[in-house]
Amino acid sequence: MKEIVIDAKDKIAGRLASFVAKELLKGNKVVVVNVEKAIISGDREDIIEEFKRRRERGDPYKGPFYPRYPDEIFRRMVRGMLPYKKYRGKIALKNLKIFYGIPEEYKDKIMDVKIKSAQDLTRVGYITLEEIALEIGAKKRW
């Protein structure tokens, strides 16, 4: 079981989440840093509207509960790609660590992972998880 450290800066969040989920199911430990700088491609207003709609759906006591902070949003993306109600999915999700910025102990261990990045999206709009979180009501804590 090896530890994989990934910098999420300018990476498409969904593609990164699927890569992370696959590595977790293989039994590896995965650490994602700079998660607030991961991006979602598409029209800015449409994305914000969709996240607000998800956030306001359901009952505040019974759910469904939807996160509003970047690390929790990304964890939920990865969770959706895992069989999280089964034993191996629960174990896989426990092997995931997510950080804002880059902690000192992981500065030297960051791997270069080939995932589609923001530089390829010059014609299409995109928004970072940080901007989404602030728009849907998160208080800045990162």
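The values are calculated or read from the model by the stated rules, or taken from the named source; none is laboratory data. No experiment lies behind these values; they were computed from the predicted model shown. All Cβ positions, even for glycine, are placed from backbone atoms using ideal geometry, and neighbour counts span all protein chains on display. Accessible surface areas use protein heavy atoms only, side chains included; no ligands, DNA or RNA. Shrake-Rupley method; radii C 1.70, N 1.55, O 1.52, S 1.80 Å.
Are there any chymotrypsin sites (Phe, Trp or Tyr not before Pro) in region 27-75 that are in a DSSP loop and have at most 16 other Cβ atoms within 10 Å? List them by number.
Answer by residue number: TYR61, PHE65.
Might you tell me the accessible area per residue for region 1-65, computed with a 1.4 Å probe and given in Å²?
That works out to 55 Å² for each residue.
Report, in listed order, any pair from LYS86/LYS139; LYS22/LYS109; LYS62/LYS107; LYS86/LYS140; LYS107/LYS140 with a Cα-Cα distance greater than 30 Å.
LYS86/LYS139; LYS62/LYS107; LYS86/LYS140
At 222 nm, what helix-only mean residue ellipticity would the chain give, in deg cm²/dmol to the nearest 500, using -39500 (n - 2.57) for each DSSP H run of four or more?
Only helices count here, giving -10500 deg cm²/dmol.
Please give, to one decimal in nm, the separation of the simple spin-label points placed at LYS116 and ARG79, each 7 Å out from Cα toward the Cβ.
2.6
Using DSSP to call loops (not H, G, I, E or B), can you name the trypsin sites (Lys or Arg not before Pro) in region 1-49 whose Cβ has at most 14 other Cβ atoms within 10 angstrom?
Answer by residue number: LYS2, LYS26.
Could you tell me how many cubic angstrom of Cα convex hull volume the chain has per residue?
Measuring per residue, one finds 113 Å³ for the Cα hull of the chain.
Give me the distance in nm between label points sitting 7 Å out from Cα along the Cα-to-Cβ direction at GLU56 and LEU93, one decimal.
Using points 7 Å along Cα→Cβ, the separation is 2.7 nm.
Only Cα pairs within less than 10 Å get springs; with that Gaussian network setup on the chain, which residue of ARG55, ARG79, ARG123 has the largest fluctuation?
In the Gaussian network model the winner is ARG123.
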